[in-house]
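The values are calculated or read from the model by the stated rules, or taken from the named source; none is laboratory data. Predicted model only: the values in this text are computed from it and were never measured. Neighbour counts are summed over all protein chains in view; Cβ atoms, including those assigned to glycine, are modelled from backbone coordinates with ideal geometry.
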Amino acid sequence: MTTKNKYIPLIIGVAIAAGVFIGGKLNFTDTSDRLFTTNSKKDKLNRLIDYIDYEYVDEVNTDSIVDVTVNGILDNLDPHSTYIPKEDLQRISENMKGDFVGIGINFYPYKDTIAVIKPTAGGPSERAGIMSGDRILMADGDTLFGRTITNDLIGQKLKGDKNTSVKLTVYRKGEDQLLEFDVRREDIPIKSIIASYMLTDELGYIKMNRFAESTFKEFKEALDELKDQGATKLALDLRDNPGGFLGIAEQIADEFLEDDKLILFTRDKNGNEERTYATKRGDFEDGELYILINENSASASEVIAGALQDNDKGIIVGRRSYGKGLVQREMALGDGSAVRLTVSRYYTPTGRSIQRPYTNGDNESYYNDYFKRLRTGELADEDNIEVEDSLKFTTPKGKVVYGGGGIIPDVFVPVDRAFENETMNFLRRRGHFGYFVFELLDKDRDQYSDLSKYDFINNFKVSDDIVVSFQDFVNTREGTSFSFVAYYDEIRRLIKATLGRQLFDENAFEEIINKEDIMVEEVILLSTEYPNFRQ
């Protein structure tokens, strides 16, 4: 027997054993005597994994093998059933909870030190006196600099139990001595609403990047503030929003839909249905509404877009959405890890499933769908969107909509080829704008100190010299000799937006980007023509 063939029985055995591991943790309705009878397959496989643990000739980390095998099992189900290792679960849970316990700073691991980009507004670090540009060198006497420092180690030192304190040693440019700060750890919000402001005198704008536990509360606060400023129309930007909690999406859709309108229904493998209807609590049922979506708007984002479109409410603007119509439920596996298993499908009010097709075990093709859309020209021309007549549905007012793979917008807006191209995406993905702007500010922050946020957004100009410096910066970091002359306007826009983010907040970034965003421009145009709009 060859070496390769010798391990096949082991691999198969461990693969099946992983199924036992999951099965033993899930909440099945079968009784224990039925599941674990002496002669059951599960009992045999439990014996097998124990046998490998104790008797196999070489040391085998069966925990790690089980982790790999669990992923293999889930990969052969659907693309959205996933395994979350215990080392990732806390971070993911914090992100979906909407806050974490920490000291409240945004930072870069920059030249072997922790460089503070900006302390959280009103957070413990800002109150203690930490400033943008500070380098955190030590925490409670432990060094936090050097090439061996990792994000995990930084997290261990700066995070901790609520209301405990950490003593930070800080280097600040221009100061003769190191500074000491005692910072008390608190709940630090992870914002879902990253921008909220008025586009026109009547049209408010809200950008939401996920659906976490805190999202509905944030949304209501932002909406109330916009209404106080005179908003009777709203643009809800769900572009690049991957989704989150289904219940949060239902609450937000309820704000726009009249009483007893169907929001969605779910159906499990046994045909059991659960229906969700709008309640009396909606605060924007009479307002004009625009939902912005693109090819990365998924799951809960599509719930909102589908619920509104199928109820003939508002206008969906953008490009066909991702196409995720599966519902997951998280189940702890007892060792700090968890599985998110697809337990049902959801359907829009007209009865359409917007889940795009997938083949079990072929997740690569599924996740490369974007490139297929790019190749077929769908992102540039709505005539290239593929639809199936068999998946045609009709809304109460007679509008034709389609199932089978995402929400097709009422008003199509092609991808901005000038701004969203391979070069620009590469520069953003590599983090060049953030690092360049940090260095730019680090040389002389005082020159920006007298600028208000309003003045910066509306009057500040990024000079040609700064754009050329950015080109040199990128070429030095990448070891290349690219010329970005063809992209100067787009680079200028992103440098200014990143400056706005690091000087002020995320809202400033979005306001600057949106000033030349073709989809936002389309929404503003539609908002002036809404009474005459014909779908």
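Could you tell me whether Lys118 is among the basic types (Lys, Arg), outside the structural domain of Val68 (by TED's automatic domain parsing) and modelled with pLDDT under 90?
For Lys118, the condition - among the basic types (Lys, Arg), outside the structural domain of Val68 (by TED's automatic domain parsing) and modelled with pLDDT under 90 - is not met.
Condition first: in contact with a helix residue (DSSP H, G or I) (Cβ under 6 Å, 6 or more places away or on another chain) and of a type in the set (Gly, Ala, Ser). Now tell me which residues in segment 366-389 satisfy that. Reasoning before the result, please.
Filtering segment 366-389 for residues in contact with a helix residue (DSSP H, G or I) (Cβ under 6 Å, 6 or more places away or on another chain) gives 376-379, 384.
Within segment 366-389, Gly377 is the sole residue that qualifies.
Within segment 242-296, take every residue that is among the hydroxyl-bearing types (Ser, Thr, Tyr) and assigned to a strand (DSSP E or B) and give me the one that is nearest to Ile407 (Cα to Cα).
Of everything passing the filter in segment 242-296, Tyr290 is nearest to Ile407 (Cα to Cα).
Of all residues in segment 412-436, which are of a type in the set (A, V, I, L, M, F, W, C) and not in a helix (DSSP H, G or I)?
Within segment 412-436, Phe412, Val413, Val415, Ala418, Phe419 qualify.
Checking the structure you have, find out if any residue of segment 271-281 is assigned by TED's automatic domain parsing to the domain that holds Leu326, farther than 20 Å from Thr395 by Cα and of a type in the set (Ser, Thr, Tyr).
Yes.
So Gly336 ticks every box in (1) out of contact with any Ser or Thr (no Cβ under 9 Å at 6 or more places or on another chain); (2) on the phi < 0 side of the Ramachandran plot but one. Which box is left unticked?
With respect to (1) out of contact with any Ser or Thr (no Cβ under 9 Å at 6 or more places or on another chain); (2) on the phi < 0 side of the Ramachandran plot, Gly336 is out only on (2).
Would you check if there is a residue in segment 104-112 being modelled with pLDDT of 90 or more, in contact with a helix residue (DSSP H, G or I) (Cβ under 7 Å, 6 or more places away or on another chain) and in the same structural domain as Thr164 (by TED's automatic domain parsing)?
Checked against the condition, which is being modelled with pLDDT of 90 or more, in contact with a helix residue (DSSP H, G or I) (Cβ under 7 Å, 6 or more places away or on another chain) and in the same structural domain as Thr164 (by TED's automatic domain parsing), segment 104-112 yields at least one hit.
Out of Arg340, Arg352, Arg320, Arg329, I need the residue that is basic (Lys, Arg), part of a loop (DSSP other than H, G, I, E, B) and farther than 18 Å from Val413 by Cα. Which one?
The match here is Arg352.
Any idea how many residues of segment 426-448 are among the basic types (Lys, Arg) and in contact with a helix residue (DSSP H, G or I) (Cβ under 9 Å, 6 or more places away or on another chain)?
Number satisfying all stated conditions: 3.
Please find, among Leu178, Leu236, the residue that is surrounded by fewer than 18 Cβ atoms within 10 Å (Cβ to Cβ), out of contact with any Asp or Glu (no Cβ under 8 Å at 6 or more places or on another chain) and of a type in the set (A, V, I, L, M).
Leu178
Within segment 395-411, work out how many residues are outside any loop (DSSP other than H, G, I, E, B) and crowded, with 20+ Cβ neighbours inside 10 Å.
2
Taking segment 278-311 as the search range and keeping residues that are among the acidic types (Asp, Glu) and crowded, with 23+ Cβ neighbours inside 10 Å, which one is nearest to the chain's Cα centre (by Cα)? Before the answer, list the steps.
Applying the first criterion (among the acidic types (Asp, Glu)) to segment 278-311 yields 283, 285-286, 288, 295, 302, 310.
If we keep only those that are crowded, with 23+ Cβ neighbours inside 10 Å as well, we get 302, 310.
Details: Glu302: 14, Asp310: 25 Å.
The qualifying residue nearest to the chain's Cα centre (by Cα) is Glu302.
Which one of these does Tyr487 not meet: (1) farther than 18 Å from His432 by Cα; (2) crowded, with 18+ Cβ neighbours inside 10 Å; (3) in contact (Cβ under 8 Å) with a residue 60 or more places away in the chain?
(1)
Out of the residues in segment 442-478 that are exposed (fewer than 14 other Cβ atoms within 10 Å of the Cβ) and among the hydroxyl-bearing types (Ser, Thr, Tyr), which is farthest from Tyr197 (Cα to Cα)?
Residue satisfying both the conditions and the ranking: Thr476.
Collect the residues in segment 494-505 that are surrounded by 20 or more Cβ atoms within 10 Å (Cβ to Cβ) and either in contact with a strand residue (DSSP E or B) (Cβ under 7 Å, 6 or more places away or on another chain) or of a type in the set (D, E, K, R) (or both), keeping them in residue-number order.
Scanning segment 494-505 gives Lys496, Arg501, Gln502.
Find the residue count for segment 171-197, including only residues that are more than 30 Å from Val520 (Cα to Cα), aliphatic (A, V, I, L, M) and modelled with pLDDT of 95 or more.
Summing the residues that are more than 30 Å from Val520 (Cα to Cα), aliphatic (A, V, I, L, M) and modelled with pLDDT of 95 or more in segment 171-197 gives 3.
Would it be correct to say that Leu451 is assigned by TED's automatic domain parsing to the domain that holds Tyr435, out of contact with any Phe, Trp or Tyr (no Cβ under 6 Å at 6 or more places or on another chain) and not in a helix (DSSP H, G or I)?
yes
Given the conditions (1) on the phi < 0 side of the Ramachandran plot; (2) in contact with a strand residue (DSSP E or B) (Cβ under 9 Å, 6 or more places away or on another chain); (3) surrounded by 14 or more Cβ atoms within 10 Å (Cβ to Cβ), report the number of the one that Asp389 does not fulfil.
(3)
Test each condition in (1) free of Cβ contacts under 8 Å to residues at least 60 places away in the same chain; (2) aromatic (Phe, Trp, Tyr); (3) in contact with a Phe, Trp or Tyr (Cβ under 8 Å, 6 or more places away or on another chain) for Phe211 and report the one that comes out false.
Of (1) free of Cβ contacts under 8 Å to residues at least 60 places away in the same chain; (2) aromatic (Phe, Trp, Tyr); (3) in contact with a Phe, Trp or Tyr (Cβ under 8 Å, 6 or more places away or on another chain), only one is false for Phe211: (1).
Out of all the residues in segment 271-281, is one or more touching a Phe, Trp or Tyr at 6+ places or on another chain (Cβ under 6 Å), at pLDDT 95 or above and of a type in the set (A, V, I, L, M, F, W, C)?
No, segment 271-281 contains no residue that is touching a Phe, Trp or Tyr at 6+ places or on another chain (Cβ under 6 Å), at pLDDT 95 or above and of a type in the set (A, V, I, L, M, F, W, C).
Kindly list the number of the only condition in (1) buried (at least 18 other Cβ atoms within 10 Å of the Cβ); (2) of a type outside the set (D, E, K, R); (3) modelled with pLDDT of 95 or more that fails for Ala139.
Of (1) buried (at least 18 other Cβ atoms within 10 Å of the Cβ); (2) of a type outside the set (D, E, K, R); (3) modelled with pLDDT of 95 or more, only one is false for Ala139: (3).
Considering only segment 506-523, state which residues are in contact with a strand residue (DSSP E or B) (Cβ under 9 Å, 6 or more places away or on another chain) and either farther than 13 Å from Tyr197 by Cβ or modelled with pLDDT under 95 (or both).
Hits for segment 506-523 are Met519, Glu522, Val523.
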